[in-house]
Amino acid sequence: METTARKRYTTKQMGDACEMIVAAELTLAGIPALKVPDNWPGYDVIAQPFDRPAQRVSVKSRTFKRGAAYVGYNDYDQFDWLAIVLLPSEGFKARAIYLVPRPEAERLARRDKATSKTAAERYFRVDEVPELFAEWDANFELAATQRLPPYGTIPSCVASI
């Protein structure tokens, strides 16, 4: 019988690490960025492109899982970009980071009825994120329009599923 090793970090540590990864990747792509203090309302990373105002990035992280596992945010959260970091697990071998403009996230998000207690929640199934946001994979230049992969290529996150 095979056992699964316990993770050597807490969910808080995982979230902080993913926020730092997003800030580092943006900076290395030429957009200086830093993690804001914990519990900052609405976003986790602030990035300063040279050609536009500061951009607020909300970072959500999950370990990839098939089935009823979700990643989401609230419609009242204030951010310009949604960064979804998917960590590897069985059947998903490479870490993937999707940087999605807020309007695109809003357009594709699932939502509950306006009369429900959870009406403000916007969410995505974790196992649908790689396909749903393939064109936003590793969008560290914060391109606000869809970036299509070269013809005939498969995004790294999809190829590893």
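Any residue in segment 22-33 that is at negative phi, in contact (Cβ under 8 Å) with a residue 12 or more places away in the chain and within 11 Å of the chain's Cα centre (by Cα)?
yes
A quick yes/no check of all residues on (1) free of Cβ contacts under 8 Å to residues at least 12 places away in the same chain; (2) basic (K, R):
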| position | (1), (2) |
| --- | --- |
| P53 | yes, no |
| A69 | no, no |
| I84 | no, no |
| R107 | yes, yes |
| K113 | yes, yes |
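With of a type in the set (V, I, T), surrounded by 16 or more Cβ atoms within 10 Å (Cβ to Cβ) and not in a strand (DSSP E or B) as the only criterion, which of I46, I31 stands out?
Values: I46 fails: not in a strand (DSSP E or B).
Residue meeting the stated conditions: I31.
Applying the selection to segment 89-135, what residues are of a type in the set (A, V, I, L, M, F, W, C), within 27 Å of L26 (Cα to Cα) and surrounded by fewer than 19 Cβ atoms within 10 Å (Cβ to Cβ)?
Correct list: A94, L108, A109, L132.
Is it the case, given these coordinates, that F79 is hydrophobic (A, V, I, L, M, F, W, C) and touching a Gly at 6+ places or on another chain (Cβ under 8 Å)?
Judged against the criteria, F79 is a match.
In segment 113-129, which residues are at pLDDT below 90, closer than 22 Å to Q78 by Cβ and not charged (D, E, K, R)?
A114, T118, A119, A120, Y123
I'd like the full set of residues that are assigned to a loop (DSSP other than H, G, I, E, B) and of a type in the set (F, W, Y), limited to segment 65-101.
Of everything in segment 65-101, those that are assigned to a loop (DSSP other than H, G, I, E, B) and of a type in the set (F, W, Y) turn out to be Y76, F79.
The values are calculated or read from the model by the stated rules, or taken from the named source; none is laboratory data. From a predicted model like this one, the values you see are computed outputs, not experimental measurements. FYI the Cβ positions are ideal-geometry reconstructions off the backbone, even for glycines, and counts take in every protein chain you see.
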